[in-house]
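Chemist: Submitted below is the structure of interest, expressed as structure tokens.
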Amino acid sequence: MKDLNGTQAAIRAGYSKKTATVIANQNLRKLYIQEEIKKLQERHANKVNITVEDLLRELQMMYQIDISELYDEKGNLKPIKDLPECVTRSIAEVTAVTRRKGESVTTITSKIKFYSKLDAIEKLARHLGFYEADNIQRTIELPVKLVINRDEAK
């Protein structure tokens, strides 16, 4: 639970670095270990009062962001305080430039970087099970027509 890294957990438990990855893989397949990890994750989530719904809401905001909401009707960048919450919560980084003219200081936002919308879509799709079909092996039966050339059959 320290870093969610099975290999490192195996090393901390005393296994050699050489075999730690294999041991971690074997251990993480054991149901009682999976159940214990799930209990610990739930305990951590309860401590910080975060639910799956909270996380999904955050991802949904990132997924639904509309960058046109950054600008006013004249095409100027709105002040951050005037942006909708779904936009501000999706911002990863703001680069600001400060300009001095005599006694006055003007701060101009020059770059806004958002969290990856594609990552948000990917995480939502995985959570909602859209990729489960990729893991299912399918058998497709196709009709086959057998043609025998009589000359070759002799």
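Rule-based calculations on the coordinates, nothing more; no lab input. These numbers come from a predicted model, not from an experiment. Every residue, glycine as well, gets a Cβ built from its backbone with ideal geometry; the counts of neighbours run over all protein chains shown.
Chemist: So what is the relative contact order for region 1-50, in percent, with contacts set as C-alpha pairs under 8 Å and at least six apart?
Modeler: 32
Chemist: Same structure, new question: Suppose R0 equals 30 Å. What FRET efficiency, 1/(1 + (r/R0)^6) with r the Cβ-Cβ distance, do LEU4 and THR98 give to the nearest 0.05?
Modeler: The value I calculate is 0.15.
Chemist: With viscosity set to 0.890 mPa s at 25 °C, what whole-number translational diffusion coefficient in µm²/s follows for region 1-50 from Stokes-Einstein and a Kirkwood radius over Cα pairs?
Modeler: In µm²/s, the coefficient is 212.
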